[in-house]
1. Could you check the stretch 39-78 and list, in sequence order, the residues that are buried (at least 19 other Cβ atoms within 10 Å of the Cβ) and of a type in the set (S, T, Y)?
2. Identify the single condition in (1) at pLDDT 95 or above; (2) within 15 Å of the chain's Cα centre (by Cα); (3) over 26 Å from F97 (Cα atoms) that S3 does not satisfy, given that it satisfies every other one.
3. So which residues in the stretch 52-65 are of a type in the set (A, V, I, L, M) and either under 15 Å from D81 (Cβ atoms) or free of Cβ contacts under 8 Å to residues at least 24 places away in the same chain (or both)?
4. Of the conditions (1) crowded, with 16+ Cβ neighbours inside 10 Å; (2) at pLDDT below 95, V89 fails just one. Which one is it?
5. Is the stretch 55-66 home to any residue that is assigned to a loop (DSSP other than H, G, I, E, B), under 14 Å from the mean Cα position of the chain (by Cα) and either modelled with pLDDT under 95 or polar (S, T, N, Q) (or both)?
6. Among what's in the stretch 6-29 and is over 14 Å from L86 (Cα atoms) and out of contact with any helix residue (DSSP H, G or I) (no Cβ under 6 Å at 6 or more places or on another chain), pick the residue that is surrounded by the fewest Cβ atoms within 10 Å (Cβ to Cβ).
7. How many residues does the stretch 9-54 contain that are on the phi > 0 side of the Ramachandran plot and in a strand (DSSP E or B)?
Amino acid sequence: MNSETLCTVVIDALDDTKGLDIVKLDVRDMTTVTDFMIVASGRSSRHVKALVENVAEKVKKAGQRPVGIEGEDGGEWVLLDLQDALVHVMLPKVREFYNLEKLWSIVPAGDATATDG
């Protein structure tokens, strides 16, 4: 499955489970770790866990195996590694604090050289 199709499966799964403020970030030009980051919020720790469980289940049904899941115990921020996409599901206060959308939207500087004025 290509990374665009994977993202569609993930976003549909998050939407099915009433994920909040779902954002897909294309980070292919910023890192070699993954192609996309998908960020969503859940209303409670239990909701965050349910969102991630639903994504993992739908992705498996589509033929892709998750590489790993981190943060399930606490449920404030759960990371689901799907290799071509990293899924971050957080409580709104955690999401606001870390602001991944802003962090991963910063365009890397080119090979600019300093000039003396």
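1. Listed by number, the list holds a single entry, S41.
2. It fails just one condition, (1).
3. Matches in the stretch 52-65: V52, V55, A56, V59.
4. Evaluating V89 over (1) crowded, with 16+ Cβ neighbours inside 10 Å; (2) at pLDDT below 95 leaves (2) as the failure.
5. Yes, the stretch 55-66 has at least one match.
6. D29
7. Within the stretch 9-54, residues that are on the phi > 0 side of the Ramachandran plot and in a strand (DSSP E or B) number 1.
Each row is one residue, and each column tells you yes or no for (1) of a type in the set (A, V, I, L, M, F, W, C); (2) out of contact with any strand residue (DSSP E or B) (no Cβ under 7 Å at 6 or more places or on another chain).
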residue	(1), (2)
T34	no, no
L79	yes, no
R95	no, no
Y98	no, yes
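The values are calculated or read from the model by the stated rules, or taken from the named source; none is laboratory data. Computed from a predicted model, the values in this text were never measured in an experiment. Neighbour counts run over all protein chains shown; Cβ positions are idealised from the backbone, glycine included.
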